[in-house]
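All remarks here apply to the structure that follows.
The values are calculated or read from the model by the stated rules, or taken from the named source; none is laboratory data. From a predicted model like this one, the values you see are computed outputs, not experimental measurements. Neighbour counts are summed over all protein chains in view; Cβ atoms, including those assigned to glycine, are modelled from backbone coordinates with ideal geometry. The accessibility values were calculated without ligands, DNA or RNA, using every heavy atom of the protein model including side chains. Shrake-Rupley method; radii C 1.70, N 1.55, O 1.52, S 1.80 Å.
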Amino acid sequence: MKPMTWMRAGLTLVIVSGAVVAASTQSSPGTSNSTTTAPASQSQDQTASSTTANKKPETKADGDYIGSDTCVTCHEDQGRRFNRTAMGKAMAHPHTPDEARGCESCHGPGRAHVEAGGGKDTIPVRFTEDSRNTAAEKNSACLQCHSRKNQLFWRGSPHESRAMACVDCHRAHQEYRPPLSTEARFNAPLSENESLKETQPELCLRCHQMRRAQLQRSSHMPYREGKVTCTSCHNPHGTPNPSQLRQTTVNENCLSCHTERRGPFLWEHPPVMENCANCHEPHGSSNPQLLKMRMPRVCDSCHVGSRHPTTPTLLNSVRDFNRGCTNCHSAIHGSNHPSGNAFLR
């Protein structure tokens, strides 16, 4: 090949190499810019999402629903008190569409109330004493959310069948603050429901006057001392059990606290196995140990005294003074001794 041909080939190779280098140099800044821009856009998206999550949900107008923001323009004091209650704190972070409606989730749509310029009669559902709504209408507003757990058996319960409303015992707009006084007759435990109108058992005793009288007797369950309340044994919202008991039977209810009486025993006393209330009055009695009758009459209601191995004596005899069957038959609830068929000590 001639020398001129070699020179032309070398010059062409240099020109092509320079073009390739220039193209790669121009493309690299674009690539670096795109790599730098992507994280910036992601960080902006994350900031926007976090701002949306921390922002308090707003109730917007929807048809006849005007939103809670419109309600608090007039009812500012009620709204401020409601926000401090357990229900207000729950509605601040709604989980259902009903909770997101705020005030109107309980009181119904408020457009007619606003257009009328206020007035009690224009509120669809009111819970005050002068309300024209029935107990069923009031309760349906509560049961939108409170229809499970303790309230599962409310429909058909004794309280519901007597046309009682939830607001007869509960309040939603303001928490109950018991007076800090030692003169209070009853002191509820620290786990008291804050939405009640009064503390237990004073709230229940407004209607159950017979139980109030029983609690004043010398032998009583520690209600007055604040160790138990009515809801320790009963569920006022209803249960499938007798007397709205929390457990299935009376014995299971009693044995949840009196575990030392729980069997099984080698020798079991039949009336104890059947029902603790055969011998005891659970709310209060004038006899020791909450007995329905004094010793030995409580035992003689089942056992015939004439068949006792010893010589029977009259119940008014001086020998029976301050004595009872349990002086000898001390293991009356059941015995695990091999020879304890007579429940002797």
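Report the accessible area of Lys197, computed with a 1.4 Å probe over the heavy atoms of all protein chains in place, in Å² rounded to the nearest 10.
Rounded to the nearest 10, that gives 60 Å².
Going by average Cβ neighbours within 10 Å, how do the peptides 66-77, 117-128 rank, with the highest at the top?
Details: 66-77: 15.9, 117-128: 13.3.
Result, highest mean Cβ count within 10 Å first: 66-77, 117-128.
Could you give me the ³J(HN,Hα) list for the range 340-345, computed from phi with Karplus coefficients 6.51, -1.76, 1.60 and θ = phi - 60°, whole Hz, x at Gly and Pro?
Running phi through 6.51 cos²θ - 1.76 cosθ + 1.60 with θ = phi - 60° gives x, 5, 9, 6, 7, 6 Hz.
Taking a ≥ b ≥ c as the square roots of the Cα gyration tensor eigenvalues, with a/c under 1.5 meaning rounded and otherwise prolate when a/b beats b/c, else oblate, which class fits the range 218-292? Don't skip to the end; give the middle numbers.
Details: a/c = 1.81, a/b = 1.15, b/c = 1.56.
Because a/c hits 1.5 or more and a/b fails to exceed b/c, the range 218-292 counts as oblate.
Given the pairs Lys89/Lys120; Lys197/Lys292; Lys89/Lys138; Lys149/Lys197, which span a C-alpha to C-alpha distance of over 24 angstrom in this model?
Numbers: Lys89/Lys120 26 Å; Lys197/Lys292 33 Å; Lys89/Lys138 21 Å; Lys149/Lys197 21 Å.
Result: Lys89/Lys120; Lys197/Lys292 exceed 24 Å.
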